[in-house]
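The values are calculated or read from the model by the stated rules, or taken from the named source; none is laboratory data. All values reported here derive from a predicted model rather than from experimental measurement. Because the Cβ atoms are built from the backbone with ideal geometry, glycine has one as well, and the counts that use them run over all protein chains shown.
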Amino acid sequence: MTLLLLNARIASESSPDLLSADILIRDGIITKVAPGLPDPGDARVIDCAGRILCPGFFDAHVHLREPGHEQKENIASGSEAANNGGITGLVMMPNTSPALDSGAAVTAVLESGRRHSRIPIFTSGCVSKNREGKEMAGIDGMRAAGVKMLTDDGDTTSNPSLLYRAMQYASEFGMFFASHCEVPELAGSRALNDGPTAYKLGIAGSPACAEEIIIDRDIRLAHASGAHIHIQHVSSKMGMETIRWWKSRGDVKVTAEVSPHHLLFTDEDIGDFDTHYKMNPPLRTKADNEALLEGLLDGTFDLIATDHAPHTPFEKSQDFISAPNGITGLDTAVVSLYHFFIKEGKFGWDTLVKKYSAEPRRLMSLPVSTIAAGQPADLILFNPDATSSFTKDFMKSKSHNTPFLNKTLEGRVELVVLGNEILLER
Ligand SMILES: [Zn+2]
(Lines give C-alpha, C1' and ligand atoms only; values in the text may rest on other atoms or scores of the structure.)
Protein backbone atom coordinates (compact mmCIF):
# COMPACT_ATOMS: atom_id res chain seq x y z
CA MET A 1 0.00 0.00 0.00
CA THR A 2 1.22 3.49 -0.85
CA LEU A 3 -0.33 6.47 0.92
CA LEU A 4 0.26 10.13 0.22
CA LEU A 5 -0.97 12.41 3.02
CA LEU A 6 -1.15 15.98 1.76
CA ASN A 7 -1.16 19.27 3.70
CA ALA A 8 -0.77 17.70 7.14
CA ARG A 9 0.31 19.55 10.26
CA ILE A 10 2.55 17.18 12.18
CA ALA A 11 2.73 17.07 15.98
CA SER A 12 5.83 15.91 17.82
CA GLU A 13 7.00 15.80 21.42
CA SER A 14 9.90 18.14 20.74
CA SER A 15 8.12 21.32 19.68
CA PRO A 16 4.78 23.04 20.30
CA ASP A 17 4.83 24.14 16.66
CA LEU A 18 3.19 21.90 14.11
CA LEU A 19 5.28 21.11 11.04
CA SER A 20 3.44 21.55 7.73
CA ALA A 21 4.38 18.83 5.26
CA ASP A 22 3.21 16.00 3.02
CA ILE A 23 3.98 12.42 3.96
CA LEU A 24 4.61 9.47 1.69
CA ILE A 25 4.16 6.00 3.17
CA ARG A 26 5.17 2.89 1.24
CA ASP A 27 4.57 -0.64 2.49
CA GLY A 28 4.28 0.50 6.09
CA ILE A 29 7.34 2.75 6.14
CA ILE A 30 7.33 6.56 6.06
CA THR A 31 9.63 7.25 3.11
CA LYS A 32 9.32 11.02 2.71
CA VAL A 33 8.24 13.97 4.84
CA ALA A 34 8.46 17.28 2.95
CA PRO A 35 6.25 20.04 1.60
CA GLY A 36 4.97 19.72 -1.98
CA LEU A 37 5.52 15.99 -2.54
CA PRO A 38 4.42 14.89 -6.04
CA ASP A 39 1.86 12.12 -6.46
CA PRO A 40 3.92 9.03 -7.29
CA GLY A 41 1.02 7.67 -9.35
CA ASP A 42 0.27 4.52 -7.39
CA ALA A 43 -0.61 6.21 -4.12
CA ARG A 44 -3.92 6.63 -2.37
CA VAL A 45 -4.01 10.39 -1.75
CA ILE A 46 -5.63 11.77 1.40
CA ASP A 47 -5.99 15.51 1.84
CA CYS A 48 -5.25 16.29 5.50
CA ALA A 49 -5.84 20.05 5.32
CA GLY A 50 -6.97 21.41 8.71
CA ARG A 51 -6.09 18.14 10.43
CA ILE A 52 -3.28 17.25 12.79
CA LEU A 53 -1.13 14.18 12.33
CA CYS A 54 0.18 12.61 15.56
CA PRO A 55 2.16 9.50 16.34
CA GLY A 56 -0.16 6.70 17.54
CA PHE A 57 -0.87 7.00 21.27
CA PHE A 58 0.07 4.39 23.86
CA ASP A 59 -1.71 3.53 27.11
CA ALA A 60 0.37 2.00 29.89
CA HIS A 61 -2.54 1.21 32.23
CA VAL A 62 -5.44 -0.79 30.80
CA HIS A 63 -7.77 -3.47 32.17
CA LEU A 64 -8.90 -5.77 29.34
CA ARG A 65 -10.61 -8.28 31.70
CA GLU A 66 -9.31 -11.32 29.79
CA PRO A 67 -9.23 -13.98 31.12
CA GLY A 68 -12.18 -14.24 33.44
CA HIS A 69 -14.43 -11.23 32.97
CA GLU A 70 -15.09 -11.19 29.24
CA GLN A 71 -18.63 -9.93 29.84
CA LYS A 72 -16.98 -6.55 30.64
CA GLU A 73 -14.28 -6.57 27.94
CA ASN A 74 -11.89 -8.85 26.13
CA ILE A 75 -8.72 -8.35 24.15
CA ALA A 76 -10.64 -8.12 20.87
CA SER A 77 -13.10 -5.44 22.06
CA GLY A 78 -10.61 -3.53 24.22
CA SER A 79 -8.02 -3.29 21.48
CA GLU A 80 -10.70 -2.01 19.07
CA ALA A 81 -11.69 0.61 21.67
CA ALA A 82 -8.05 1.68 21.74
CA ASN A 83 -7.84 1.83 17.97
CA ASN A 84 -11.12 3.77 17.90
CA GLY A 85 -9.53 6.34 20.19
CA GLY A 86 -6.24 6.67 18.29
CA ILE A 87 -4.24 4.39 20.61
CA THR A 88 -1.93 1.96 18.81
CA GLY A 89 -0.45 0.03 21.72
CA LEU A 90 -1.26 -0.72 25.35
CA VAL A 91 -0.22 -2.50 28.53
CA MET A 92 -2.70 -4.79 30.26
CA MET A 93 -2.96 -4.98 34.03
CA PRO A 94 -2.69 -8.47 35.58
CA ASN A 95 -5.73 -8.39 37.91
CA THR A 96 -7.62 -10.79 35.68
CA SER A 97 -9.19 -14.03 36.85
CA PRO A 98 -7.01 -16.01 37.23
CA ALA A 99 -4.43 -13.28 37.80
CA LEU A 100 -1.44 -13.04 35.46
CA ASP A 101 1.18 -14.28 37.90
CA SER A 102 3.12 -16.89 35.90
CA GLY A 103 4.89 -17.31 32.59
CA ALA A 104 2.11 -19.60 31.34
CA ALA A 105 -0.67 -17.11 32.18
CA VAL A 106 1.22 -14.27 30.52
CA THR A 107 2.01 -16.33 27.43
CA ALA A 108 -1.69 -17.16 27.02
CA VAL A 109 -2.84 -13.51 27.00
CA LEU A 110 -0.01 -12.42 24.74
CA GLU A 111 -0.99 -15.18 22.32
CA SER A 112 -4.61 -14.04 22.49
CA GLY A 113 -3.37 -10.51 21.78
CA ARG A 114 -1.58 -11.70 18.66
CA ARG A 115 -4.71 -13.45 17.44
CA HIS A 116 -7.42 -10.99 18.44
CA SER A 117 -5.86 -7.54 18.36
CA ARG A 118 -4.78 -5.37 15.44
CA ILE A 119 -2.51 -3.31 17.70
CA PRO A 120 0.36 -4.63 19.82
CA ILE A 121 -0.73 -5.77 23.27
CA PHE A 122 1.72 -5.93 26.17
CA THR A 123 1.00 -7.10 29.65
CA SER A 124 2.30 -6.51 33.12
CA GLY A 125 2.56 -9.38 35.60
CA CYS A 126 1.78 -9.69 39.30
CA VAL A 127 4.32 -9.03 42.03
CA SER A 128 2.69 -11.61 44.31
CA LYS A 129 0.88 -14.84 43.58
CA ASN A 130 -2.79 -14.09 42.87
CA ARG A 131 -2.04 -10.53 44.08
CA GLU A 132 -2.39 -11.74 47.66
CA GLY A 133 0.87 -10.30 48.97
CA LYS A 134 1.86 -13.64 50.48
CA GLU A 135 4.20 -15.37 48.02
CA MET A 136 6.25 -14.01 45.18
CA ALA A 137 4.70 -14.54 41.73
CA GLY A 138 6.52 -16.53 39.01
CA ILE A 139 8.69 -13.58 38.13
CA ASP A 140 11.36 -15.43 36.19
CA GLY A 141 8.78 -17.18 34.01
CA MET A 142 7.05 -13.90 33.31
CA ARG A 143 10.38 -12.26 32.44
CA ALA A 144 11.06 -15.06 29.95
CA ALA A 145 7.60 -14.44 28.44
CA GLY A 146 8.45 -10.76 27.90
CA VAL A 147 7.04 -9.00 30.99
CA LYS A 148 8.77 -5.76 32.00
CA MET A 149 6.29 -4.28 34.49
CA LEU A 150 5.35 -5.96 37.77
CA THR A 151 2.30 -4.75 39.69
CA ASP A 152 -0.48 -5.98 41.97
CA ASP A 153 -2.68 -3.22 40.52
CA GLY A 154 -6.16 -3.09 41.90
CA ASP A 155 -4.47 -3.29 45.27
CA THR A 156 -1.24 -2.33 46.93
CA THR A 157 1.26 -5.17 47.46
CA SER A 158 0.27 -5.46 51.10
CA ASN A 159 3.49 -6.98 52.44
CA PRO A 160 6.38 -4.49 52.11
CA SER A 161 8.94 -7.19 52.87
CA LEU A 162 7.77 -9.27 49.93
CA LEU A 163 7.78 -6.21 47.67
CA TYR A 164 11.29 -5.28 48.83
CA ARG A 165 12.62 -8.78 48.08
CA ALA A 166 10.85 -8.86 44.71
CA MET A 167 12.44 -5.48 43.91
CA GLN A 168 15.93 -6.74 44.74
CA TYR A 169 15.35 -9.87 42.67
CA ALA A 170 13.59 -8.54 39.57
CA SER A 171 15.67 -5.40 39.15
CA GLU A 172 18.59 -7.63 38.23
CA PHE A 173 16.60 -8.61 35.12
CA GLY A 174 15.76 -5.02 34.19
CA MET A 175 12.12 -5.33 35.26
CA PHE A 176 10.35 -2.46 37.00
CA PHE A 177 7.50 -2.09 39.47
CA ALA A 178 4.23 -0.21 39.16
CA SER A 179 2.31 0.63 42.32
CA HIS A 180 -1.36 1.08 43.00
CA CYS A 181 -1.03 3.03 46.24
CA GLU A 182 -3.55 2.52 49.00
CA VAL A 183 -3.63 1.51 52.67
CA PRO A 184 -6.83 -0.55 52.48
CA GLU A 185 -7.73 -0.16 56.17
CA LEU A 186 -7.53 3.60 55.78
CA ALA A 187 -9.16 3.83 52.35
CA GLY A 188 -12.27 2.13 53.78
CA SER A 189 -15.18 2.09 51.34
CA ARG A 190 -12.84 3.26 48.54
CA ALA A 191 -15.82 5.05 47.03
CA LEU A 192 -15.37 8.73 47.57
CA ASN A 193 -12.79 11.23 48.72
CA ASP A 194 -12.91 12.06 52.41
CA GLY A 195 -14.22 15.61 52.52
CA PRO A 196 -17.34 17.78 52.59
CA THR A 197 -19.03 15.89 49.72
CA ALA A 198 -18.66 12.50 51.43
CA TYR A 199 -19.86 14.03 54.69
CA LYS A 200 -22.91 15.56 53.00
CA LEU A 201 -23.78 12.27 51.30
CA GLY A 202 -23.24 10.26 54.46
CA ILE A 203 -20.47 8.09 53.02
CA ALA A 204 -17.31 7.27 55.00
CA GLY A 205 -14.72 8.89 52.75
CA SER A 206 -11.33 7.62 51.64
CA PRO A 207 -8.64 10.12 52.69
CA ALA A 208 -5.84 11.07 50.31
CA CYS A 209 -3.27 10.05 52.94
CA ALA A 210 -4.35 6.41 52.38
CA GLU A 211 -2.75 6.83 48.95
CA GLU A 212 0.11 9.16 49.89
CA ILE A 213 1.48 6.85 52.60
CA ILE A 214 2.03 4.05 50.07
CA ILE A 215 3.39 6.41 47.40
CA ASP A 216 6.10 7.28 49.89
CA ARG A 217 6.51 3.68 51.16
CA ASP A 218 6.98 2.21 47.70
CA ILE A 219 9.41 4.89 46.50
CA ARG A 220 11.37 4.36 49.72
CA LEU A 221 11.49 0.62 49.03
CA ALA A 222 12.73 1.33 45.50
CA HIS A 223 15.32 3.71 46.89
CA ALA A 224 16.58 1.06 49.29
CA SER A 225 16.52 -1.80 46.77
CA GLY A 226 17.70 0.06 43.67
CA ALA A 227 14.52 -0.80 41.75
CA HIS A 228 12.67 1.42 39.27
CA ILE A 229 9.26 2.29 40.69
CA HIS A 230 6.39 3.66 38.62
CA ILE A 231 3.55 5.23 40.62
CA GLN A 232 0.13 4.65 39.08
CA HIS A 233 -2.91 6.93 38.80
CA VAL A 234 -1.94 9.61 41.35
CA SER A 235 -4.99 11.52 42.53
CA SER A 236 -3.84 14.03 45.15
CA LYS A 237 -1.75 17.17 45.46
CA MET A 238 0.38 15.76 48.26
CA GLY A 239 0.84 12.53 46.33
CA MET A 240 2.22 14.61 43.45
CA GLU A 241 4.41 16.60 45.85
CA THR A 242 5.78 13.40 47.39
CA ILE A 243 6.88 12.18 43.96
CA ARG A 244 8.27 15.60 43.08
CA TRP A 245 10.38 15.61 46.25
CA TRP A 246 11.74 12.12 45.60
CA LYS A 247 12.55 13.04 41.99
CA SER A 248 14.37 16.17 43.17
CA ARG A 249 16.73 14.02 45.27
CA GLY A 250 17.90 12.32 42.09
CA ASP A 251 18.90 9.09 43.83
CA VAL A 252 15.93 6.87 42.99
CA LYS A 253 14.48 5.83 39.65
CA VAL A 254 10.85 6.93 39.94
CA THR A 255 8.31 7.60 37.22
CA ALA A 256 4.62 8.38 37.62
CA GLU A 257 1.36 8.62 35.74
CA VAL A 258 -1.82 10.65 36.01
CA SER A 259 -5.23 9.73 34.56
CA PRO A 260 -7.46 12.04 32.54
CA HIS A 261 -10.28 11.70 35.10
CA HIS A 262 -8.10 12.82 38.00
CA LEU A 263 -7.12 15.91 35.98
CA LEU A 264 -10.72 16.69 35.05
CA PHE A 265 -13.26 15.73 37.69
CA THR A 266 -13.84 16.23 41.40
CA ASP A 267 -15.84 14.43 44.09
CA GLU A 268 -18.62 16.99 43.60
CA ASP A 269 -19.23 15.61 40.09
CA ILE A 270 -20.84 12.47 41.51
CA GLY A 271 -24.00 14.58 41.98
CA ASP A 272 -26.82 12.22 42.82
CA PHE A 273 -24.57 9.17 43.33
CA ASP A 274 -23.57 8.82 39.67
CA THR A 275 -21.36 5.70 39.62
CA HIS A 276 -19.66 6.91 36.42
CA TYR A 277 -17.63 9.10 38.76
CA LYS A 278 -16.66 6.28 41.10
CA MET A 279 -13.09 5.12 40.78
CA ASN A 280 -10.11 4.15 42.90
CA PRO A 281 -8.24 6.26 43.87
CA PRO A 282 -11.33 8.45 44.13
CA LEU A 283 -11.87 11.84 42.54
CA ARG A 284 -10.71 14.54 44.92
CA THR A 285 -10.93 18.34 44.73
CA LYS A 286 -10.39 21.25 42.33
CA ALA A 287 -7.11 22.02 44.13
CA ASP A 288 -5.96 18.45 43.44
CA ASN A 289 -6.94 18.75 39.72
CA GLU A 290 -4.85 21.90 39.48
CA ALA A 291 -1.86 20.43 41.28
CA LEU A 292 -1.95 17.31 39.10
CA LEU A 293 -1.94 19.43 35.95
CA GLU A 294 0.98 21.40 37.36
CA GLY A 295 2.77 18.08 38.03
CA LEU A 296 2.09 16.94 34.47
CA LEU A 297 3.57 20.12 33.04
CA ASP A 298 6.64 20.28 35.31
CA GLY A 299 7.63 16.66 34.64
CA THR A 300 6.63 15.17 38.00
CA PHE A 301 4.27 13.00 35.96
CA ASP A 302 6.03 11.30 33.08
CA LEU A 303 2.90 10.12 31.40
CA ILE A 304 -0.86 10.00 31.09
CA ALA A 305 -2.63 6.65 31.36
CA THR A 306 -6.37 6.02 31.41
CA ASP A 307 -6.74 3.11 33.86
CA HIS A 308 -9.43 1.90 31.38
CA ALA A 309 -11.67 -0.14 33.70
CA PRO A 310 -14.76 -1.54 31.97
CA HIS A 311 -17.76 -2.76 33.99
CA THR A 312 -21.20 -3.92 32.84
CA PRO A 313 -24.25 -1.61 33.14
CA PHE A 314 -25.71 -4.04 35.67
CA GLU A 315 -22.67 -3.72 37.94
CA LYS A 316 -22.52 0.05 37.64
CA SER A 317 -26.26 0.41 38.29
CA GLN A 318 -25.84 -0.86 41.85
CA ASP A 319 -25.84 1.58 44.74
CA PHE A 320 -22.81 3.83 45.03
CA ILE A 321 -20.99 1.79 47.70
CA SER A 322 -21.58 -1.59 46.01
CA ALA A 323 -20.81 -0.54 42.42
CA PRO A 324 -17.30 -1.45 41.24
CA ASN A 325 -14.60 1.19 40.82
CA GLY A 326 -13.43 2.51 37.50
CA ILE A 327 -14.42 4.01 34.19
CA THR A 328 -13.55 3.25 30.59
CA GLY A 329 -11.07 5.52 28.83
CA LEU A 330 -9.68 4.13 25.59
CA ASP A 331 -12.47 5.36 23.29
CA THR A 332 -12.51 8.83 24.83
CA ALA A 333 -9.02 9.76 26.10
CA VAL A 334 -7.49 11.59 23.15
CA VAL A 335 -10.63 13.53 22.26
CA SER A 336 -11.29 14.51 25.88
CA LEU A 337 -7.68 15.62 26.41
CA TYR A 338 -7.95 17.71 23.26
CA HIS A 339 -11.32 19.17 24.27
CA PHE A 340 -10.44 20.11 27.85
CA PHE A 341 -6.72 20.89 27.62
CA ILE A 342 -5.34 21.53 24.12
CA LYS A 343 -8.34 23.48 22.86
CA GLU A 344 -8.38 25.48 26.10
CA GLY A 345 -4.69 26.36 25.73
CA LYS A 346 -3.66 24.52 28.92
CA PHE A 347 -1.04 22.52 27.02
CA GLY A 348 0.00 21.91 23.44
CA TRP A 349 0.11 18.91 21.11
CA ASP A 350 3.76 18.41 22.07
CA THR A 351 2.71 17.67 25.66
CA LEU A 352 0.05 15.19 24.56
CA VAL A 353 2.47 13.41 22.21
CA LYS A 354 5.18 13.32 24.87
CA LYS A 355 2.96 12.17 27.75
CA TYR A 356 0.63 9.81 25.92
CA SER A 357 2.77 8.42 23.09
CA ALA A 358 6.52 8.81 23.63
CA GLU A 359 6.98 8.48 27.40
CA PRO A 360 4.75 5.44 27.92
CA ARG A 361 6.66 3.66 25.15
CA ARG A 362 9.96 4.65 26.80
CA LEU A 363 8.66 3.28 30.09
CA MET A 364 8.16 -0.07 28.34
CA SER A 365 11.57 0.12 26.57
CA LEU A 366 9.80 0.26 23.20
CA PRO A 367 10.86 2.36 20.21
CA VAL A 368 9.14 5.75 20.26
CA SER A 369 6.82 6.36 17.29
CA THR A 370 7.72 9.48 15.33
CA ILE A 371 6.55 10.88 12.01
CA ALA A 372 9.85 11.07 10.13
CA ALA A 373 11.39 9.50 7.05
CA GLY A 374 12.61 5.97 7.65
CA GLN A 375 10.23 5.31 10.56
CA PRO A 376 7.50 2.64 10.57
CA ALA A 377 4.05 4.14 9.95
CA ASP A 378 2.25 4.57 13.28
CA LEU A 379 0.09 7.66 13.09
CA ILE A 380 -3.35 9.11 13.55
CA LEU A 381 -5.16 11.95 11.86
CA PHE A 382 -7.10 14.22 14.21
CA ASN A 383 -9.72 16.73 13.10
CA PRO A 384 -10.07 19.57 15.63
CA ASP A 385 -13.05 21.04 13.73
CA ALA A 386 -15.18 17.90 13.94
CA THR A 387 -16.88 16.44 17.02
CA SER A 388 -17.21 13.02 18.62
CA SER A 389 -20.48 11.89 20.20
CA PHE A 390 -19.76 9.11 22.64
CA THR A 391 -22.85 7.01 22.08
CA LYS A 392 -22.84 3.27 22.71
CA ASP A 393 -22.64 2.80 18.93
CA PHE A 394 -19.60 5.05 18.62
CA MET A 395 -17.59 3.36 21.37
CA LYS A 396 -16.03 -0.02 20.71
CA SER A 397 -15.50 -1.10 24.31
CA LYS A 398 -18.03 -3.69 25.49
CA SER A 399 -18.72 -1.43 28.46
CA HIS A 400 -19.94 2.15 28.49
CA ASN A 401 -19.18 3.23 32.04
CA THR A 402 -17.81 6.64 31.24
CA PRO A 403 -18.89 10.13 32.32
CA PHE A 404 -18.73 10.99 28.60
CA LEU A 405 -21.54 8.57 27.67
CA ASN A 406 -23.88 10.33 25.23
CA LYS A 407 -21.88 13.54 25.45
CA THR A 408 -20.40 15.34 22.46
CA LEU A 409 -16.87 16.73 22.62
CA GLU A 410 -14.85 18.64 20.06
CA GLY A 411 -12.26 16.74 18.06
CA ARG A 412 -12.36 13.48 16.16
CA VAL A 413 -9.91 10.72 15.36
CA GLU A 414 -10.41 10.25 11.61
CA LEU A 415 -7.68 7.89 10.54
CA VAL A 416 -5.36 5.38 12.18
CA VAL A 417 -2.47 3.94 10.16
CA LEU A 418 -0.30 1.23 11.67
CA GLY A 419 2.33 -0.46 9.53
CA ASN A 420 0.86 -1.35 6.17
CA GLU A 421 -2.74 -1.18 7.39
CA ILE A 422 -5.39 1.48 7.79
CA LEU A 423 -6.97 0.42 11.06
CA LEU A 424 -9.62 3.13 11.20
CA GLU A 425 -11.12 5.58 8.78
CA ARG A 426 -14.10 7.79 9.49
ZN1 LIG B 1 -5.13 0.78 40.30
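When Leu330 is tested against (1) in contact with an Asp or Glu (Cβ under 8 Å, 6 or more places away or on another chain); (2) part of a helix (DSSP H, G or I), just one condition goes unmet, and that condition is (2). Across segment 206-240, the qualifying residues are those that are touching a residue at least 60 places away in the same chain (Cβ under 8 Å) and more than 21 Å from Ala305 (Cβ to Cβ), and the one among them that is nearest to the ligand (Cβ to nearest atom) is Leu221. Within segment 259-270, not a single residue is without any contact (Cβ under 8 Å) to a residue 60 or more places away in the chain and charged (D, E, K, R).
Against the test of being away from the ligand (no atom under 16 Å from the Cβ), among the acidic types (Asp, Glu), on the phi < 0 side of the Ramachandran plot and outside any loop (DSSP other than H, G, I, E, B), the options Glu70, Glu80 yield a single qualifying residue, Glu80. Only residues that are assigned to a helix (DSSP H, G or I) and in contact with a Leu (Cβ under 9 Å, 6 or more places away or on another chain) were counted across segment 226-255, and they come to 3.
Just so you know, in segment 255-264 the residues that are buried (at least 21 other Cβ atoms within 10 Å of the Cβ) and more than 16 Å from Ile231 (Cβ to Cβ) include one that is farthest from the ligand (Cβ to nearest atom), and it is Pro260. Looking at segment 45-60, can you tell me whether even one residue there is within 16 Å of the ligand (Cβ to nearest atom), under 17 Å from the mean Cα position of the chain (by Cα), assigned by TED's automatic domain parsing to the domain that holds Leu100 and modelled with pLDDT of 95 or more? Within segment 45-60, one or more residues are within 16 Å of the ligand (Cβ to nearest atom), under 17 Å from the mean Cα position of the chain (by Cα), assigned by TED's automatic domain parsing to the domain that holds Leu100 and modelled with pLDDT of 95 or more. May I ask you to list the residues in segment 360-375 that are surrounded by fewer than 17 Cβ atoms within 10 Å (Cβ to Cβ) and over 20 Å from the mean Cα position of the chain (by Cα)? Of everything in segment 360-375, those that are surrounded by fewer than 17 Cβ atoms within 10 Å (Cβ to Cβ) and over 20 Å from the mean Cα position of the chain (by Cα) turn out to be Ala372, Ala373, Gly374. Of the residues examined, Thr88 is not one that is within 16 Å of the ligand (Cβ to nearest atom), in the same structural domain as Pro184 (by TED's automatic domain parsing), among the β-branched types (Val, Ile, Thr) and within 30 Å of Leu337 (Cβ to Cβ). Contact map, segment 149-167: first residue aliphatic (A, V, I, L, M), second residue part of a helix (DSSP H, G or I) and within 15 Å of the ligand (Cβ to nearest atom), Cβ cut-off under 8 Å, separation 6 or more or different chains; pairs are Leu163/Asp218. Flag: Leu100 matches the condition of being assigned by TED's automatic domain parsing to the domain that holds Thr351, within 30 Å of Ile380 (Cβ to Cβ) and within 16 Å of the ligand (Cβ to nearest atom).
Among residues that are in contact with an Asp or Glu (Cβ under 9 Å, 6 or more places away or on another chain), modelled with pLDDT under 95 and either outside any strand (DSSP E or B) or more than 16 Å from the ligand (Cβ to nearest atom) (or both), Phe314 is not included. Of the residues making up segment 265-278, those that are of a type in the set (Phe, Trp, Tyr) and either crowded, with 22+ Cβ neighbours inside 10 Å or in contact with a Pro (Cβ under 8 Å, 6 or more places away or on another chain) (or both) are Phe265, Tyr277. Taken over segment 395-414, the residue count meeting the criterion of being within 20 Å of the chain's Cα centre (by Cα) and either surrounded by fewer than 17 Cβ atoms within 10 Å (Cβ to Cβ) or of a type in the set (A, V, I, L, M) (or both) is 4. Scanning segment 270-311 for residues that are more than 16 Å from the ligand (Cβ to nearest atom) and within 30 Å of Glu66 (Cα to Cα) yields Ile270, Phe273, Asp274, Thr275, His276, Tyr277, Asp302. Under the condition of being crowded, with 17+ Cβ neighbours inside 10 Å, more than 18 Å from His69 (Cα to Cα) and out of contact with any Leu (no Cβ under 9 Å at 6 or more places or on another chain), the residues counted in segment 312-331 number 1.
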